[in-house]
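Structure in structure tokens, see below.
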Amino acid sequence: MIQQEISTMELIKSGNLRAFEDFFRLYYQPLCYHALKYVSSVDVAEEIVQDLFYTIWEKRQELTITTSIKAYMYTATHNRCTKYLDHRKIEQKFEKTTREEASAHVESPTDLAGLHEIQSIINKTLDSLPERCSRIFRLNRFEGLRYTDIAKKLSISVKTVEANMGKALKILRKNLKEYVETV
């Protein structure tokens, strides 16, 4: 690494917020464009890059970069995009499997219409949740991750995972109350 990069990283490691802000301004926009090549959504690209910077700040003291900072940032962005795309494939596979299994059990066109309506309500509800809340719910319910695994993956506490799951379930129950039988 060149001397200026080493100096910048040392300042960031020591918690210098000004150095981090300069670093962010330098790389944020180009990395968003880079991510956009893979994910085809401005919002997703920005989220991926923001999450990268958040992780760098949170783990700044353990961070060791052996290549140039620019190469590291572009590689990290590419890896996060790949991870996102893999995750989307899993979600799509789950949704397809769910639809196929549900349609195998549907007995009438009315049942099928109701099923589509329920799935639509679930999707709209999850899309309307705050991003982290929706992501936590999907990681737990669609990918089967435990709360502790989600907490580690997202660098948050288990209590935060529990609170977000509770929030998501409460809103889903509210939005689906007319479809759920009461005992």
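Could you check residue 62 against (1) touching a helix residue (DSSP H, G or I) at 6+ places or on another chain (Cβ under 8 Å); (2) part of a loop (DSSP other than H, G, I, E, B) and say which number it fails?
Unmet for residue 62, out of (1) touching a helix residue (DSSP H, G or I) at 6+ places or on another chain (Cβ under 8 Å); (2) part of a loop (DSSP other than H, G, I, E, B): (1).
Oh, and also: Among the residues of the range 1-44, what is the count of those that are assigned to a loop (DSSP other than H, G, I, E, B) and surrounded by 14 or more Cβ atoms within 10 Å (Cβ to Cβ)?
Of all residues in the range 1-44, those assigned to a loop (DSSP other than H, G, I, E, B) come to 1-2, 14-16, 40-41.
Remaining after also requiring surrounded by 14 or more Cβ atoms within 10 Å (Cβ to Cβ): 1, 16.
Of the residues in that region, 2 qualify.
I need the full set of residues from the range 54-71 which are surrounded by 18 or more Cβ atoms within 10 Å (Cβ to Cβ) and either out of contact with any Ser or Thr (no Cβ under 8 Å at 6 or more places or on another chain) or more than 18 Å from residue 6 (Cβ to Cβ) (or both), in order please.
56
Right, here's the next one. Take residue 47 and decide whether it is surrounded by fewer than 17 Cβ atoms within 10 Å (Cβ to Cβ), of a type in the set (D, E, K, R) and either within 25 Å of residue 86 (Cα to Cα) or more than 15 Å from the chain's Cα centre (by Cα) (or both).
Considered against the rule, which asks whether it is surrounded by fewer than 17 Cβ atoms within 10 Å (Cβ to Cβ), of a type in the set (D, E, K, R) and either within 25 Å of residue 86 (Cα to Cα) or more than 15 Å from the chain's Cα centre (by Cα) (or both), residue 47 comes out as no.
Being aliphatic (A, V, I, L, M), on the phi < 0 side of the Ramachandran plot, in the same structural domain as residue 74 (by TED's automatic domain parsing) and in contact with a Ser or Thr (Cβ under 9 Å, 6 or more places away or on another chain) is the requirement here; does residue 12 meet it?
Criteria not met by residue 12.
Right, something else. Keeping to the range 71-87, report how many residues are in contact (Cβ under 8 Å) with a residue 24 or more places away in the chain and more than 18 Å from the chain's Cα centre (by Cα).
Final tally of qualifying residues: 2.
Go through the range 65-98 and count every residue that is part of a loop (DSSP other than H, G, I, E, B) and touching a Leu at 6+ places or on another chain (Cβ under 9 Å).
Within the range 65-98, residues that are part of a loop (DSSP other than H, G, I, E, B) and touching a Leu at 6+ places or on another chain (Cβ under 9 Å) number 0.
If you scan the range 120-161, which residues turn out to be touching a Ser or Thr at 6+ places or on another chain (Cβ under 6 Å) and exposed (fewer than 13 other Cβ atoms within 10 Å of the Cβ)?
Hits for the range 120-161: nothing passes.
The values are calculated or read from the model by the stated rules, or taken from the named source; none is laboratory data. Because the structure is a prediction, the values reported are computed rather than measured. Ideal geometry is used to build each Cβ from the backbone, glycine not excepted, and the neighbour counts take in all protein chains shown.
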